[in-house]
Amino acid sequence: MYDPAALEALVAPPSREVPPVDWQQLEERLEFALPLDYKWLVERYGPGSFGDFFRVFQPACQRQGIDLEYQHERTSWALEYLVERGHSLPRMPSELLAFGRSDNGDVAYWITSSSDDPNNWKVAVGEARGPLWEEFDGGVVEWLTAVLSRSYRVAIFPKDFPRRHPAFHPYDL
């Protein structure tokens, strides 16, 4: 279960107002529901960077590099391409939904096959230019909190991430 207060205590959210999201319309376009912790994260932090390194994809964002729908299509295509070329993945592309990316290009995914309830989806991280994958038994907010607090180390990420006092840097869109 995610703890919003734990993430907020670790990384202060921006003081600026975050644009509202029409979740119903977005979920109709995607044809599936999204986890409540992700919705909270988007509504509380909005577009930006955690620790100048990790970005959470945003709904209906004019920047394609962080737009959830665009990145879902792009990463799904890339994963399918790899499978078609004989690469082995720990999960089928249809089981993964990208929700964020590091500056190094490593992608964080929800494992949609881990539960029928999106609030119970687990997290996987795939290395950008290599075969490494790892899974985390929790949702996006729980994963971010664990990574940013250093209680969970993502082996794919650089050893110096996160810094001792991680911050959130909002984007001006």
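Are any residues in the range 150-160 over 18 Å from residue 12 (Cβ atoms) and of a type outside the set (A, V, I, L, M), and if so, which ones? Show your work before the answer.
We begin by selecting, within the range 150-160, every residue over 18 Å from residue 12 (Cβ atoms); these are 151-160.
Across the range 150-160, the qualifying residues are 151, 152, 153, 157, 158, 159, 160.
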**Study point:** Within the range 1-54, considering residues that are under 19 Å from residue 108 (Cβ atoms) and among the hydroxyl-bearing types (Ser, Thr, Tyr), the one surrounded by the most Cβ atoms within 10 Å (Cβ to Cβ)
**Key:** 38
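Out of all the residues in the range 61-83, is one or more assigned to a loop (DSSP other than H, G, I, E, B), over 14 Å from residue 107 (Cα atoms) and in contact with a strand residue (DSSP E or B) (Cβ under 8 Å, 6 or more places away or on another chain)? Explain how you work it out, then say what you get.
Of the range 61-83, the ones assigned to a loop (DSSP other than H, G, I, E, B) are 61-63.
Among the residues that remain, those that are also over 14 Å from residue 107 (Cα atoms) are: 61-63.
Pick out the ones that are also in contact with a strand residue (DSSP E or B) (Cβ under 8 Å, 6 or more places away or on another chain) and you get 61.
Yes, the conditions are met somewhere in the range 61-83.
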Revision key, fill the gap. The lone condition residue 34 fails out of (1) assigned to a loop (DSSP other than H, G, I, E, B); (2) under 13 Å from the mean Cα position of the chain (by Cα); (3) more than 12 Å from residue 140 (Cβ to Cβ) is (3)
**Study point:** Filtered residues of the range 119-173 (kept if of a type in the set (Lys, Arg), farther than 30 Å from residue 86 by Cα and free of Cβ contacts under 8 Å to residues at least 24 places away in the same chain)
**Key:** 150, 159, 164
Exercise for review: Could you please let me know if residue 106 is under 21 Å from residue 48 (Cα atoms) and surrounded by 16 or more Cβ atoms within 10 Å (Cβ to Cβ)?
Suggested key: yes
Check your understanding: Taking the range 147-167 only, how many residues are crowded, with 19+ Cβ neighbours inside 10 Å and either on the phi > 0 side of the Ramachandran plot or among the hydrophobic types (A, V, I, L, M, F, W, C) (or both)?
Key -> 5
Review point. Any chance the range 79-95 includes a residue that's surrounded by 14 or more Cβ atoms within 10 Å (Cβ to Cβ), touching a residue at least 60 places away in the same chain (Cβ under 8 Å) and not polar (S, T, N, Q)?
Key: no
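Taking the residues in the range 55-77 that are in contact (Cβ under 8 Å) with a residue 60 or more places away in the chain and surrounded by 15 or more Cβ atoms within 10 Å (Cβ to Cβ) as candidates, determine which candidate is nearest to the chain's Cα centre (by Cα).
Restricting attention to the range 55-77, the residues satisfying the condition of being in contact (Cβ under 8 Å) with a residue 60 or more places away in the chain are 56, 61-63, 66.
Still in the list and also surrounded by 15 or more Cβ atoms within 10 Å (Cβ to Cβ): 56, 61, 66.
Details: 56: 5, 61: 15, 66: 10 Å.
Filtering the range 55-77 for residues that are in contact (Cβ under 8 Å) with a residue 60 or more places away in the chain and surrounded by 15 or more Cβ atoms within 10 Å (Cβ to Cβ), the one nearest to the chain's Cα centre (by Cα) comes out as 56.
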Review point. Residues in the range 164-173: is at least one part of a strand (DSSP E or B) and farther than 24 Å from residue 67 by Cβ?
Key: no
Review point. Tell me, which residue of the range 109-133 that is of a type in the set (A, V, I, L, M, F, W, C) and either in a strand (DSSP E or B) or at pLDDT 95 or above (or both) is surrounded by the fewest Cβ atoms within 10 Å (Cβ to Cβ)?
Key: 133
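The values are calculated or read from the model by the stated rules, or taken from the named source; none is laboratory data. A quick note: this is a predicted structure, and the numbers were derived from the prediction, not measured. Virtual Cβ from ideal backbone geometry, glycine too; neighbours counted across all protein chains shown.
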